[in-house]
């Protein structure tokens, strides 16, 4: 009975997609999903919030613990329910269809493109720094947006038509971005060996005593480690998921945590505190200080590669998660279609690309980052609470991996703190309340379209017609 209750949905076609993701590719996917623009942008903001080098480095260590706690908690759920969909699939099985629909509706159908747009806008921002000293003033608005739309089109093509290249290229992208981080680490520690200890020796001196002011640091850390859950969004395409998913998460989070801590330490070794708290891109500043103009250009290219790889991973996982939500009968049926030729959720890819393009055109990088953390974290907390719920409700359900309960407990406590903090700030409580209201619009949508409480056949017929049209036009099943 439990297998039926928590199993896959009727007509589940997720197994039609190729199992392209091996252990190595899975690690590349998660590492690439985590390492994006965060390590090259947020260290300034985090140091501004905490006020000193030592607590800044400490915050990056805490971020690794948070990612590990969330990732290990998701591994138990992911090996119990080895289907794509991550939090959507888990929340449906634990709490029911309405909470799962709200997750899919808000976090992916409406805002999935927002998270991808952040990476694309980060890419375009650093692209222009190669050619201009002050791109914000020198580059026309329309040129920047056209570049962003072109990059979006590239990812649509990759995700829809070349799935094998899509995952194989992750290895190359990650090699390049990790090489760049290793260069930062190496240059910083060479600086230290040469006797330059004056910057890092500040330690905890000047630490901000007002913990409310650390809210920005917390948001920056959370954003920089996002991606730890990514493998659970594509579980149906992972080879031997019950064995490989926990290994992928553990190796990936550990690797990224070590790289982040060492890279941030290098930043603080090389750059004085008075400079690091400025809004100048820290990677370019570091490269200019250690290697001159060549270093500035090299690290600008590194940020571009990092952003490109991060968007690549996020696009791949988000499109599969939306497809999975449709298979779970939470989103329109047309989004369940899989290309017969390419074995990809092609309709979902096109839809996600369209939403991403909208956010690229109308979005502002800083504003999108501020919204991203608040809108995603509560759903992760629900999943970690679900670990405890399932231990009580279904103790005999097969669990190839059992997480020590201290991990979800730690994540839940931190998640509550991260959710409440924005409402205590005059600068963020209004936007936070707005997002809550947007989330709640999903309630009438659910009862009107998903549950169809008014028995309006016109919506059902229109959905069937659209699905048949797209299946024929795009050669899908």
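The values are calculated or read from the model by the stated rules, or taken from the named source; none is laboratory data. Predicted model, so just to flag it, every value in this text is computed and none were measured. We place every Cβ from the backbone using ideal geometry, glycine too, and count neighbours over all the protein chains shown.
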* Structure fact -> Among 33, 64, 70, the single one that is touching a helix residue (DSSP H, G or I) at 6+ places or on another chain (Cβ under 9 Å), part of a helix (DSSP H, G or I) and within 13 Å of residue 261 (Cα to Cα) is 64
* Determine, yes or no, whether residue 321 is surrounded by 23 or more Cβ atoms within 10 Å (Cβ to Cβ) and closer than 29 Å to residue 421 by Cα. => yes
* If only one of 361, 438, 387, 406 is in contact with a helix residue (DSSP H, G or I) (Cβ under 9 Å, 6 or more places away or on another chain) and surrounded by 20 or more Cβ atoms within 10 Å (Cβ to Cβ), which one is it? -> 387
* Asked: Of the residues 68, 86, which is surrounded by fewer than 24 Cβ atoms within 10 Å (Cβ to Cβ), touching a residue at least 40 places away in the same chain (Cβ under 8 Å), within 30 Å of residue 402 (Cβ to Cβ) and under 15 Å from the mean Cα position of the chain (by Cα)?
  -> 68
* Structure fact -> Taking segment 16-30 and the residues there that are surrounded by fewer than 24 Cβ atoms within 10 Å (Cβ to Cβ) and not in a helix (DSSP H, G or I), the one that is modelled with the lowest pLDDT would be 17
* **Members of segment 49-61 that are in a helix (DSSP H, G or I) and either farther than 20 Å from residue 417 by Cα or in contact with a strand residue (DSSP E or B) (Cβ under 9 Å, 6 or more places away or on another chain) (or both)** => 53, 54, 57
* Would you check if there is a residue in segment 442-450 being in contact (Cβ under 8 Å) with a residue 24 or more places away in the chain and within 24 Å of the chain's Cα centre (by Cα)? => yes
* Asked: Of all residues in segment 90-118, how many are crowded, with 24+ Cβ neighbours inside 10 Å and either under 30 Å from residue 280 (Cα atoms) or in contact with a strand residue (DSSP E or B) (Cβ under 9 Å, 6 or more places away or on another chain) (or both)?
  -> 6
* Asked: For segment 309-332, does any single residue satisfy the condition of being touching a strand residue (DSSP E or B) at 6+ places or on another chain (Cβ under 9 Å) and touching a residue at least 12 places away in the same chain (Cβ under 8 Å)?
  -> no
* If you check 150, 101, which single one turns out to be part of a helix (DSSP H, G or I), free of Cβ contacts under 8 Å to residues at least 24 places away in the same chain, within 23 Å of the chain's Cα centre (by Cα) and over 29 Å from residue 51 (Cβ atoms)? -> 150
* Asked: In segment 327-350, what residues are within 21 Å of the chain's Cα centre (by Cα) and either in a strand (DSSP E or B) or surrounded by fewer than 22 Cβ atoms within 10 Å (Cβ to Cβ) (or both)?
  -> 350
* Taking the residues in segment 164-203 that are under 18 Å from residue 318 (Cβ atoms) and either buried (at least 20 other Cβ atoms within 10 Å of the Cβ) or in contact with a strand residue (DSSP E or B) (Cβ under 8 Å, 6 or more places away or on another chain) (or both) as candidates, determine which candidate is modelled with the lowest pLDDT. => 166
* To do: Please tell me if residue 214 is more than 21 Å from residue 35 (Cα to Cα), in contact (Cβ under 8 Å) with a residue 60 or more places away in the chain and crowded, with 19+ Cβ neighbours inside 10 Å.
  => yes
